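Chemist: The structure is given below, and queries will be raised subsequently.
Each reported figure results from applying straightforward, stated rules to the coordinates on display, with no laboratory input. What you are looking at is a predicted structure, and each value in this text was computed from that prediction instead of being measured. Ideal geometry is used to build each Cβ from the backbone, glycine not excepted, and the neighbour counts take in all protein chains shown.
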Amino acid sequence: MNYFDKDLASLHADLVAKKLSAKELTQATFDNIKATDPQIDAFLNLNEDAALDQAAKIDAQGINADQPLAGIPMGLKDNIVTKGLTTTAASKILANFKPVYDATVAEKLADAQMINVGKTNLDEFAMGGSTENSAFKTTKNAWDQTKVPGGSSGGSAAAVASGQVPVTLGSDTGGSIRQPAAFNGIVGMKPTYGRVSRWGLIAFGSSLDQIGPMTRGVKDNATVLSAIAGHDNHDLTSSTQAVPNFAADLNDATSVKGMRIGLPKEFLAEGVNEDVKAAILAAADTYRKLGATVDEVSLPHNKYGVAAYYIIASSEASSNLQRFDGIRYGYRADDVKNLEDVYVKSRSEGFGEEVKRRIMLGTFSLSAGFYDAYFIKAAKVRTVIINDFKAVLKDHDFIMGPVAPTTAFGIGDEIKDPITMYMNDVLTIPVNLAGLPGLSLPAGFSNNLPVGMQLIGRPFDESTLYKAGYAFEQNTDFHLQVPTLGGQN
Amino acid sequence: MANRINREQVQHVAGLAKLEFTDAELDAFTPQLDDIIGMFETLSEVDTDGVDVTSNVSDQINVMREDVADNWGQSEDLLHNAPDAARGFIKVPAIIDESEDNA
């Protein structure tokens, strides 16, 4: 199956017309993965037997026209728990963990009769921006295998970009869907906080984490978000707001006409690569040609987002990761004398370096004597950042800018320098702090590597972002370009 | 190095976090954490007088539910994930180190 020429609607039409069976499609997906994963390393664990069985059952029932996702293969980031299917969060501490329940998003996609083909690689516990922090392997960028795929949802992004599978889910705490989507030239949505249930997402920063879809095109992305969104009694931060049929609205390539778009001057400031800047300015011109107004606006406290985030997210992580103690599940160290030893040695041997660094930063920020100066200060700066966004979005339909200051960097280039790595997320982190939706989509190339554009909207207004993304996609050809990989294309 | 955090403080925080580090790891971690905490301190440039903290951006407030027990019937599967289990219980080493107790 060549997913480069097929969107979900055309796959669905073929399945309904029985030109293609779900089983053939699923088998072709595993063939894709086996042909390209030796180069890409996107998957940690394949679900082959169960997926082929499920596909055969779906074929036996038949696929109706009102089941747009039935029989279509997808992959899940391996911090999303799947019943009976090993879920590791790319950590040694969970290497043999078999969840006893399905995450709500996994259950919803199963209800939609999508076929889970396997679990994709990530930075351990979603902490990182390059997938180099995986305890098991480093995923490669689909466009250049010497470059990182971004992270933390690097496996999910590279799997879609290399044509292995049409849909994956990622999670985004500070940019972990949008940045790898940008680095791999695909579409990634970080929904509004509360739009999608976090039940069954292995927690990192609970006030920031959201699950979202990663796809080749905007419409496909919208279709999948409608399927996974909605209130869930298992996650009481999930919103009771109605979930629109996001894809149904996407048929007008000029729907941005009359819209007001804000382009923050801070998003094109020093540190943003010239080619990236040029791509975003060209995108602004595209929107102007389509009848939108693009104004220069300001998010004056944007640059404080990274510091506030690394205090808040690390504090939440240090609390969330206390549960990994070597007692009930996961790795337990040998050679222990007492219970305290089990905790300390299991955690010290089970967690990787970046995870320990975050736990240390969080524990420090929450500790007696430092709590007010760090954690409380960061929580106040978060409010200031939210107010900046509110001011701009009051009279703008959405904000546009780059996803990341650069294109994909080389494997090994930044992993030894945490602060440089953290600064890659300077344009995505504030969106999580404010809980807003953020869409990443292809907007150009620099030295044959994709450049991503980010659209940021009002709370629960993913619809406007999809419309604007769709309009851009229909008037450009960046999303049609595909990487050249052995055995594909 | 500005010395915002020293080696002894790093060891103290590690103790709170139930982590331990070798001397070589402490040598590498201490200046790294110090640099990152230096980045944190740029927040002092932001005037937050009279600003409330944000701890949650959900639109749901104080959602209540009945506290009803639910038997998932999965104790065997759950115990299967435990590093050591016997007769329906998770096994752990002695809480008190007996060798220390006798010393």
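Chemist: Please work out if A:THR88 is polar (S, T, N, Q), more than 30 Å from A:TYR331 (Cα to Cα) and either in a loop (DSSP other than H, G, I, E, B) or away from chain B (no Cβ under 14 Å) (or both).
Modeler: It is false that A:THR88 is polar (S, T, N, Q), more than 30 Å from A:TYR331 (Cα to Cα) and either in a loop (DSSP other than H, G, I, E, B) or away from chain B (no Cβ under 14 Å) (or both).
Chemist: For segment B:1-101, please list each of the helices (runs of 4 or more DSSP H) lying entirely inside it that holds at least 3 residues being within 9 Å of chain A (Cβ to nearest Cβ) and touching a Ser or Thr at 6+ places or on another chain (Cβ under 7 Å).
Modeler: B:7-16
Chemist: I've got another one for you. Name every residue in segment A:222-255 that is of a type in the set (Ser, Thr, Tyr), under 27 Å from A:ALA203 (Cα atoms) and buried (at least 17 other Cβ atoms within 10 Å of the Cβ), in order of residue number.
Modeler: Listed by number, the residues that qualify are A:THR223, A:SER226, A:THR237, A:SER238, A:SER239.
Chemist: Take A:TYR287 and tell me if it is touching a residue at least 12 places away in the same chain (Cβ under 8 Å), farther than 22 Å from B:ILE36 by Cβ and of a type in the set (Phe, Trp, Tyr).
Modeler: When the stated conditions are applied, A:TYR287 passes them.
Chemist: Further question: Tell me which helices (runs of 4 or more DSSP H) are completely within segment A:384-489 and hold 2 or more residues being free of Cβ contacts under 8 Å to residues at least 24 places away in the same chain and within 14 Å of another protein chain (Cβ to nearest Cβ), or say none if there are none.
Modeler: A:418-423
Chemist: Right, next: Quick check: anything in segment A:320-337 among the acidic types (Asp, Glu), out of contact with any strand residue (DSSP E or B) (no Cβ under 6 Å at 6 or more places or on another chain), surrounded by 21 or more Cβ atoms within 10 Å (Cβ to Cβ) and within 14 Å of another protein chain (Cβ to nearest Cβ)?
Modeler: No, the conditions are met nowhere in segment A:320-337.
Chemist: Please count how many residues of segment A:19-54 are of a type in the set (A, V, I, L, M) and under 22 Å from the mean Cα position of the chain (by Cα). Even if it seems obvious, please write down each step before you answer.
Modeler: Taking segment A:19-54 first, the residues of a type in the set (A, V, I, L, M) are A:20, A:22, A:25, A:28, A:33, A:35, A:40, A:42, A:44, A:46, A:50-52.
From the residues that got through so far, the ones that are under 22 Å from the mean Cα position of the chain (by Cα) too are A:33, A:40, A:42, A:44, A:46.
Number of matching residues: 5.
Chemist: Among the residues of segment A:116-143, which ones are over 15 Å from the mean Cα position of the chain (by Cα) and acidic (Asp, Glu)?
Modeler: A:GLU132
Chemist: Return the residue satisfying two criteria in turn: it lies in segment A:91-142 and is within 14 Å of chain B (Cβ to nearest Cβ) and hydrophobic (A, V, I, L, M, F, W, C), and of such residues it is surrounded by the most Cβ atoms within 10 Å (Cβ to Cβ).
Modeler: Looking at residues that are within 14 Å of chain B (Cβ to nearest Cβ) and hydrophobic (A, V, I, L, M, F, W, C), I get A:MET127.
Chemist: Let me ask something additional. From the list A:LEU321, A:LEU361, A:LEU339, A:LEU299, exactly one residue is among the hydrophobic types (A, V, I, L, M, F, W, C) and more than 28 Å from the chain's Cα centre (by Cα). Which is it? Spell out the reasoning first.
Modeler: Working: A:LEU321 fails: more than 28 Å from the chain's Cα centre (by Cα); A:LEU361 fails: more than 28 Å from the chain's Cα centre (by Cα); A:LEU299 fails: more than 28 Å from the chain's Cα centre (by Cα).
Every option except A:LEU339 fails the conditions.
Chemist: Okay, moving on. Taking the condition over 25 Å from A:GLY305 (Cα atoms) and either touching a residue at least 40 places away in the same chain (Cβ under 8 Å) or among the β-branched types (Val, Ile, Thr) (or both), does B:THR22 pass?
Modeler: yes
Chemist: Restricting to segment A:186-206, what's the tally of residues that are closer than 24 Å to A:LEU321 by Cβ, of a type in the set (Lys, Arg) and within 12 Å of another protein chain (Cβ to nearest Cβ)?
Modeler: 1
Chemist: Which condition breaks for A:GLU340 when tested against (1) within 12 Å of another protein chain (Cβ to nearest Cβ); (2) within 30 Å of A:GLY129 (Cα to Cα); (3) surrounded by fewer than 17 Cβ atoms within 10 Å (Cβ to Cβ)?
Modeler: (2)
Chemist: Oh, and also: Are there any pairs with C-beta distances below 8 angstrom linking a residue in segment B:76-96 that is within 12 Å of A:ILE327 (Cα to Cα) to a residue that is among the charged types (D, E, K, R) and outside any loop (DSSP other than H, G, I, E, B), with the two at least 6 apart or on different chains, and if so which?
Modeler: Pairs that qualify, where the first residue is within 12 Å of A:ILE327 (Cα to Cα) and the partner is among the charged types (D, E, K, R) and outside any loop (DSSP other than H, G, I, E, B), are B:PRO93/A:ASP341.
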